[in-house]
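In what follows, a single structure is set out as structure tokens and then discussed.
Each value in this text was obtained by applying a stated rule to the coordinates, not by laboratory testing. Bear in mind the structure is a predicted one, so any value in this text is a computation, not a measurement. Counting neighbours? That spans all protein chains shown, and the Cβs are built from the backbone with ideal geometry, glycine included.
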Amino acid sequence: MYFEILLGFFFILILSDNLGHATDFAKDFKNLYIVLLAAISVLSRNDFRPFNTLYLYFIPFVLIACIGLFDSPIAFTGFQKTLSYILLIFTVPQFLVTSFRSRGPEMIKDLIYFAVLLILTGFVMIFADSSVAFSHGGRFRAIFGNPNGLGIFSCLLLVLIVVAREYFKGLLSKNDLRWMVIPVVLAVGLSGSRTAILATVLFLLFVRFFRTSPFLGFIIFFASAVGVEMVSSNIVEVVGNLGLEDFLRIDTLDEGSGRFVAWNFAWEAIGEHFWFGRGFAFDEWLMAANQDLLNALGHQGGVHNTYLIVWLNTGLIGLLIFLRAWLLTFINAGKNTAIAFPAMFLVLFSILPEPWLAASLNPFTILLLIFAVIMTDEVFQPYLRGEAVHNDTIDEEISVAA
């Protein structure tokens, strides 16, 4: 029942993102769960062979992160977070691939429907208890901790849906797609997350261009990057002229919802540990230790930028190795499908104002891992090429190739 075990872990990570006290157990249980997944992977390793090797890209990054722990003010917490990151990247691909070998594409469909069902549960909560479904001034959050979390989860789930439709022809009917896509797109819009909305729009545009021509796709990407920079410099005026002041919360655009304060503070701290950081969780310790100062400047919370968090925790060397690992993953995926690079751009853009990829045990990083594995692991590629054969035959061919 490896698929059920993986689905349970996915559910616990979603519950752990909720800020209600009723789900506090998930915040502790997820730490035990990832250890159990690793133990099962090792003790039942014959069931998981051949292993997915995505984790090999991240070993240099983990080593650099461990070096920073020698100068960490919270070394034990940092070690736990470092361990959880590599365990997640090792175990989730193994469980996903093994479940697919035994259940086939229907397993991917079930996983997507489960995630969509949880979003639909949020819509039901609007009528049952609207105070649970909405927060932050009336923004929709479903069962997640905050609206931005729902927005990021939904746009990553949309990528998974597009990948599943690309790989498994005939798996998703038109009715399936309606039930999947409509709630997800609505969730992105109602969350009010500017990052998720823009990332979703850019992803859908890039998919179309990259399918036509990868060269054209890269040209459009660089043109979009320049365009976004020009628009962001005059964002308040642009939003005002479009009449979207309320929808895009123009009152928070000038101060960047406090993020600029956190980014400037983090950048000053980076100067003290430029090349090597002080280990995982150092950013959390730093922000907590200076909470009174940051509150006085108009910021509450963390750094809100994955790039800055990884730089703080592992230094510039760690950041470059971290980005290299993910870029290599998407480059390898790009050899198989044109969706890979639009998905990569969505991820790289979404982590600019959000910290989710700097952490492991959340419902976002696992979604990224799932569609990254589908686009890179050899067991899925015959379905993309229309050469799908019986699972046992695929396993035998992979074993011979290995």
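Miscellaneous remarks
- Note, ³J(HN,Hα) from phi for the range 184-201, Karplus 6.51, -1.76, 1.60, rounded to Hz, x at Gly and Pro: 5, 5, 4, 4, 4, x, 6, 5, x, 6, 4, 4, 5, 5, 5, 5, 5, 4
- Contact order normalised by residue count of the chain, Cα under 8 Å, 6+ apart, percent: 23 percent
- Karplus 3J(HN,Hα) series, Hz, for the range 271-279 with 6.51 cos²θ - 1.76 cosθ + 1.60 (x for Gly, Pro): x, 7, 9, 6, 8, 10, x, 10, x
- Nearest-0.05 FRET efficiency for F123 and K169, computed from C-beta distance (R0 30 Å): 0.50
- For the pair N46 and S135 in one chain, pulling the backbone fully straight at 0.36 nm per residue adds 27.4 nm over the alpha carbon distance.
- Rounded to whole Hz, the Karplus (6.51, -1.76, 1.60) HN-Hα couplings of the range 28-36, x for glycine and proline: 8, 5, 5, 5, 6, 4, 5, 5, 5
- Estimated from the Cβ-Cβ distance and a Förster radius of 35 angstrom, the FRET efficiency linking S213 and I270 is about 0.35.
- For the chain, calculated [θ]222 nm from helices alone, where every DSSP H run of n ≥ 4 adds -39500 (n - 2.57): -23000 deg cm²/dmol
- Protection proxy ranking, highest mean first, for peptides 351-363, 167-179: 351-363, 167-179, where packing is the per-residue count of other beta-carbon atoms within 10 Å, averaged.
- Interatomic Cα distance distribution for the chain, bins of 10 angstrom, percent: 5, 21, 33, 28, 11, 2, 0
- Overall form of the range 298-380 per C-alpha gyration tensor (a/c, 1.5; a/b vs b/c): prolate
- For E354, nonlocal amide neighbours, meaning residues 5 or more places apart or on other chains whose placed amide H falls under 5 Å from its own, are T306.
- Peptides 319-327, 151-159, 23-31 ordered by packing proxy, namely the average of other Cβ atoms within 10 Å per residue, highest first: 151-159, 319-327, 23-31.
- Amide H contacts for F380 (H built 1.01 Å from N in the peptide plane; partners 5 or more residues away or on another chain; cut-off under 5 Å): none found.
- Here r is the Cβ-Cβ distance between Q80 and E378 and R0 is 35 Å; the resulting FRET efficiency, rounded to 0.05, is 0.60.
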